[in-house]
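Scroll down for the structure; my scribbles are underneath it.
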């Protein structure tokens, strides 16, 4: 049975930051929604509320970085880059300030619709020089995201899960590495974030029909270990499929495509994610099914990749489902 961890970021951030005067906790008026209300109450000397003024917050954080502090900015991911893009670029990325951008509600993990869903943030951040990108996929990675981000000499963009989060991994994030979750020889599956859990379910179902899946989970999206990926690509028969909680343009699907093209690899690639569309409001499982981000979508994608049908049904995937599976959790409020 998979352990479900409640509010792992809240306890992890407080454990990491409390008593370290160089670390400052910044909020953009979403303090409880980003699980830092307890830190605010117990460590007021390290907490700053800057209100719904994200552009000012970016410039302010850049100044704190110049003064030797290591600010951790907390808000919903979508408010972290769409509104204050120029200030993020000029005050944080260009001068390589040690600012840790903790972006909550990545992709379709919110029922808030387009205004609250950061669906293109990876493509934006990948294009910004000096920016590191990390994404959490389980409670262990949420618990280790602060230490991982703070190990970087420069700005770090983090996609952070909140609320009730499953524990899928035993080891913390190691920046620059990727997790090898299975060593198959037929198809390479590359996932990140909440899509990794879906791929684990599909992988279990494919094992029952004799298809061997090699599965990689990416928590570090930039910098990216291209050589390691190519070794895995060359180790499978049919090709590669990516699944991500993001648009297919500029995310991990594009990252894999660029890596394969640069190396002249001729194997087929199928990219699954939000396909040139915004997502509307709804529960997480509904949105993942509607937009093709779940285990069933991966099954169909692998059938396209291999040119074969495997007869895997929703019932088969249900049998492979983890107990208390996170993707069935009730949609979170804002």
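The values are calculated or read from the model by the stated rules, or taken from the named source; none is laboratory data. None of these values were measured; they are calculated from a predicted model. Cβ coordinates were reconstructed from backbone atoms using ideal geometry, including for glycine residues, and neighbour counts include every protein chain displayed.
If you check every pair at least six apart or on different chains, which have Cβ atoms under 7 Å apart with a residue in region 124-144 that is surrounded by fewer than 21 Cβ atoms within 10 Å (Cβ to Cβ) first and a residue that is part of a helix (DSSP H, G or I) second? So the pair list comes out as 124/81; 128/89; 128/93; 129/93; 130/93. Evaluate region 98-114: report whether one residue or more is without any contact (Cβ under 8 Å) to a residue 60 or more places away in the chain and farther than 23 Å from residue 13 by Cβ. No, there is no match, as no residue in region 98-114 is without any contact (Cβ under 8 Å) to a residue 60 or more places away in the chain and farther than 23 Å from residue 13 by Cβ.
Based on what the data block shows, is residue 52 assigned by TED's automatic domain parsing to the domain that holds residue 12 and either surrounded by 23 or more Cβ atoms within 10 Å (Cβ to Cβ) or under 23 Å from the mean Cα position of the chain (by Cα) (or both)? The answer is no for residue 52. Assessment of region 205-219 against the conditions (under 22 Å from residue 123 (Cα atoms), in contact with a helix residue (DSSP H, G or I) (Cβ under 9 Å, 6 or more places away or on another chain), free of Cβ contacts under 8 Å to residues at least 60 places away in the same chain and surrounded by fewer than 20 Cβ atoms within 10 Å (Cβ to Cβ)) yields no matching residue. Annotation: of all residues in region 163-191 being touching a helix residue (DSSP H, G or I) at 6+ places or on another chain (Cβ under 6 Å) and assigned to a loop (DSSP other than H, G, I, E, B), the one that is surrounded by the most Cβ atoms within 10 Å (Cβ to Cβ) is 173.
Restricting attention to region 218-249, the residues that are under 26 Å from residue 129 (Cβ atoms) and outside any loop (DSSP other than H, G, I, E, B) add up to 14. Note on region 250-282: among residues that are within 17 Å of the chain's Cα centre (by Cα) and part of a helix (DSSP H, G or I), the one that is surrounded by the fewest Cβ atoms within 10 Å (Cβ to Cβ) is 254. The single condition from (1) farther than 16 Å from residue 145 by Cβ; (2) assigned to a strand (DSSP E or B) that residue 91 fails is (2). When 93, 67 are screened for being free of Cβ contacts under 8 Å to residues at least 24 places away in the same chain and either outside the structural domain of residue 289 (by TED's automatic domain parsing) or in contact with a strand residue (DSSP E or B) (Cβ under 7 Å, 6 or more places away or on another chain) (or both), only 67 passes. Within region 283-296, the presence of at least one residue that is surrounded by 14 or more Cβ atoms within 10 Å (Cβ to Cβ), in the same structural domain as residue 190 (by TED's automatic domain parsing), outside any helix (DSSP H, G or I) and modelled with pLDDT under 95 is confirmed.
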